[in-house]
Every structure is written in C-alpha cells, then in structure tokens.
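Q: Pasting a structure below so you can have a look.
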Amino acid sequence: MRRTEPKSVGALFDELFNSPHIAAKIAEGCLPETWREVVGDAIANQTSQIRLVRGVLYVHVQSSVVRSELMMRRMELCRTLNARSRVPIIRSVIVK
C-alpha cells in the first residue's frame, strides 16, 4: 500500500507507540516506577519483587502488616495501576 501524502517522523512514532501491543510492553516496563507512585515509598521499600505474568501482578512483600494492607486494596491497586499505565495490563494482583 502506497501513501499519497508524507507523514512526519513524530506522527509515525505516535502511531507506533499507541498500538496496543507496543503500549502494553511500555507500560509493563514502567511498572516498577508506577508501583512506587501508587503505593508510596514506605510500602514500595517493603516490596522485594514485582512481576507481571499473563495479566497477573505478583508482589512479594517482607512485612505481614504490609501484606494484609495490600490484600485489602487489591482491586483498587488493579484499577489504579491500569489507569496510570493507560493500558489494561493487570487483571488481578496476588500478594505473597
């Protein structure tokens, strides 16, 4: 398919980064920073590992108090993280 009008490089990059697959990978890469913004420094410092596997966010924490706090806020965390990343990449949160 041939284009009849030229596009700027910026427009091509916007088109590329707004595609669903690329946007999801970018959001996944930014997840540790987004996690720290959402939960705050105190809870983020208690978090030892964050990983996303097939839409499930696994969070390992060291403190039982922080674990119970995050367990109660799982649905809120899922909604907030998806809203911040602008792509629905997280279906559920599991705290270990």
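Q: How high is the relative contact order of region 9-95? Use alpha-carbon pairs under 8 Å, at least six apart in sequence, and give a whole percent.
A: Once divided by the residue count of region 9-95, the mean separation gives 31 percent.
Q: So in the chain, what percent of DSSP beta bridges are antiparallel if you round to the nearest 5?
A: Looking only at bridges with both residues in the chain, the antiparallel portion is about 60 percent.
Q: Tell me the label only: which of [x] 1.07; [y] 0.97; [z] 1.15 is Rg/Rh (Cα atoms, Kirkwood Rh) as calculated from this structure?
A: [z]
Q: Apply 1/(1 + (r/R0)^6) to the Cβ-Cβ distance of residue 36 and residue 7, taking R0 = 30 Å, and write down the FRET efficiency to the nearest 0.05.
A: Using R0 = 30 Å, I get an efficiency of 0.25.
Here, each number is a calculation from the coordinates, and none is a lab measurement. Just so you know, these numbers come straight off a predicted model, no measurement behind them. Using ideal geometry, Cβ is built from the backbone for each residue, glycine included, and neighbour counts are taken over all protein chains shown.
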